[in-house]
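What follows is a single structure, written as structure tokens, with notes after it.
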Amino acid sequence: MKLLVLDRDGVINEDSPDYIKSPEEWQALPGSLEAISDLYRAGWNIVVASNQSAVGRGMITVEVLNHIHAKMHRAVANAGGHIDAVFFCPHDPGDGCDCRKPKPGLLYEISRRYHVQPMQLIMVGDSRRDLESVAALDGLPILVRTGKGASTEAAGSLPPNTLVFNNLAAVAAFLLAREGEKG
């Protein structure tokens, strides 16, 4: 199974220091919807794994989060793609849960649900905690320079074997080219 895990904010859509609190605030990054579509058409399963502490902080409800995700699903579908599932941690950072990245709880759940060994996971993120969550499972961390990615790269100390690309479109092009070499 070809499975790609994406962080949401800063990878698929614009990030905001004030959180994405409504469907209107959710705006796709240039090229991200097309990248998901290209991967989907090539047989990839796309899953989102996202920390959504705005829920735990009482800034939005799960119902509003579902409306935001519905907008994302529609936008991806309109571009010819599909997101299989969205896994999210709704907890406040102080809750001490196992699902908040950089802890790998969400990724363990994804690997179980999709019957994939944790070390086979590939995750694209824009923050160190995204990369650390997949690196903890010996999966492949991929950093994009969108969102917080450029500052994450500049800060250094990325997990070993981290690949770095300008954006999700460049990641898709790399994965599809690599797949073509194997075929």
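FYI, it's all coordinate maths here, none of it is from the lab. What you see is a predicted model, and the numbers here were worked out from it, not measured in a lab. Positions of Cβ are backbone-derived with ideal geometry, glycine not excepted, and every protein chain shown enters the neighbour counts.
Restricting attention to region 98-137, and to residues there that are in contact with a Pro (Cβ under 7 Å, 6 or more places away or on another chain) and charged (D, E, K, R), which single residue is surrounded by the most Cβ atoms within 10 Å (Cβ to Cβ)?
Across region 98-137, the extreme among qualifying residues is 100.
Please identify the pairs in which a residue from region 22-34 that is surrounded by fewer than 21 Cβ atoms within 10 Å (Cβ to Cβ) has its Cβ atom under 6 Å from the Cβ atom of a residue that is assigned to a helix (DSSP H, G or I), counting only partners at least 6 apart or on another chain.
Note: pairs meeting the criteria are 23/67; 23/68; 23/71; 28/75; 31/169.
Is there any pair with a first residue in region 83-95 that is more than 18 Å from residue 46 (Cα to Cα) and a second that is β-branched (Val, Ile, Thr) and surrounded by 15 or more Cβ atoms within 10 Å (Cβ to Cβ) whose Cβ atoms are under 6 Å apart and which are 6 or more apart or on different chains, and what are they?
What qualifies is 90/55.
Looking only at region 24-55, which residues are over 15 Å from residue 173 (Cα atoms) and among the charged types (D, E, K, R)?
Once the filter is applied, which keeps residues that are over 15 Å from residue 173 (Cα atoms) and among the charged types (D, E, K, R), region 24-55 yields 24, 25.
Against the definition (surrounded by fewer than 21 Cβ atoms within 10 Å (Cβ to Cβ), under 15 Å from residue 9 (Cβ atoms) and aromatic (Phe, Trp, Tyr)), how does residue 87 come out, yes or no?
yes
Residue by residue through region 103-161, note down the ones that are part of a loop (DSSP other than H, G, I, E, B) and under 18 Å from residue 46 (Cα atoms).
If we filter region 103-161 for residues that are part of a loop (DSSP other than H, G, I, E, B), which is where we start, we get 103-104, 114-117, 121, 126-127, 136-139, 145-148, 156-161.
Correct list: 104, 114, 115, 116, 117, 121, 126, 139.
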